[in-house]
Every structure is written in C-alpha cells, then in structure tokens.
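Asks: My questions all concern the structure below.
Read the figures in this text as sums done on the coordinates, not as results from a lab. Computed from a predicted structure; not experimentally measured. Counting neighbours? That spans all protein chains shown, and the Cβs are built from the backbone with ideal geometry, glycine included.
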Amino acid sequence: MTYSPGYPQAPGYPPAPGYPPQRTAPSGLAVFAAVSALVSGAVLLYLVVDAAVLFGDYGFGNLPTELYVILGWQLLAGLLLELGGVLTIARKSAGPTLVIIGALGALSAVVMEPVLLHLDFGRFFASLFNFGHLRSILVVIALVEAASALLFAMMPATRESTRATPPAPAGYVPGGHQPGW
C-alpha cells in the first residue's frame, strides 16, 4: 500500500518506494548544544555591549590595545555561538562546527584576558569566582554554557541529527503526481 505525500506513513511500515525517508526529530544533545550556545553567545554579546557603553563614556582613544583585542575576541566568539546555535536548531551540518569554534573562542577569551592585560591569574580568577559583581556572574555563566555547548556539540549524536537530508530518489516529484497524469 502506498500513500501520497500529503498523508503520514502508517507506523511500523517501511517507507513507500519512490518517496524520501522521513527524518527523525532532532536529538536532545543537539538541542542542548544549541541552547547552551545561544545562552553563552547572548551573555558574551551582552558583556561586549556593556563594556562598549561603559568605556564609551571615557573615550575609546584612551583604552589599551589589549582591551580591544579582548572585546573583539568575545564579540567574534559570541557571534559564532549565536550563529552555530541557530544553525544547529535548523539542523544544518555547519551548526555544531560553528558551536565548537565559538565555544573554544569563548573559553580562550576568558583565559587569555589576564594574560593580555598582564594581570595575576590567581587574583583574576578569585575575583571572577567571588561573584561580587554582575560581570563576574555573567562571565561564569558564559564559561559554563560554552563548556557544555562544546561538550554537546562534539557528541556524535549531535552531528548525526544535523546531517543533511539525502537527495530524493529519481522520479520523485513533490506533490505526488508524475508529469502527464
């Protein structure tokens, strides 16, 4: 028994010949990777905008070059995480790759901040995990979410759920009607 494309396939039966196989729902790992990437990217972008507003009052010409590098690094990582999260939800194969690159960028941006600004590692991370300011809380949230996005995006199930759909078999016409019928 064959079904036209407008009607769902009965459960338990193989797909009818000539029709493309139905894709499964996205795996939970891909959803977790996408949500973690979107949260981490949003927090990083907020931190960049907040810093730009804060330093805009003082004038950008008086800031050290290293601060521009850190803000640019966080901006790029945030944009990659946002784009990767959206593409992962859209089940595009480039999504998890962008999430991995963005998460590595976010993690390295936070680790390299004391190096570029010539700060003491111990004091920097002690003040970060002190949770005394909103910025430190947001940086820790971005770190945790970036690490979880990296972990979930590297899982094989995430790649499998975002794999491109195979092409339709030869002779398949959307709408179910062959030419001349």
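Asks: Ordered by residue, what ³J(HN,Hα) values in Hz, to whole numbers, does segment 101-108 give under the Karplus form 6.51 cos²θ - 1.76 cosθ + 1.60, where θ = phi - 60° and Gly and Pro are x?
Replies: Residue by residue, segment 101-108 yields 5, x, 5, 5, x, 5, 5, 6 Hz.
Asks: Give me the log10 of I(q) over I(0) for segment 37-159 at q = 0.19, 0.23 Å⁻¹, as the Debye formula computes it from C-alpha points; what are the numbers?
Replies: Each listed q maps to, in turn, -0.99, -1.28.
Asks: How much length is gained on full extension from Met155 to Arg123, taking 0.36 nm per residue of separation minus their Cα-Cα distance?
Replies: Numbers: separation 32, 0.36 × 32 = 11.52 nm, distance 3.45 nm.
Value of the extension gain: 8.1 nm.
Asks: Can you compute the equivalent ellipsoid semi-axes for segment 78-121, i.e. the square root of 5 times each eigenvalue of the Cα gyration tensor, sorted largest first and rounded to whole Å?
Replies: Working: eigenvalues 163, 10, 6 Å².
Output for segment 78-121: semi-axes of 29, 7, 5 Å.
Asks: Taking a spot 7 Å from the Cα of Leu138 along the direction of its beta carbon, which residues of segment 38-55 have an amide N less than 14 Å from it?
Replies: Of the residues in segment 38-55, 39-55 have backbone N under 14 Å from the label point off Leu138.
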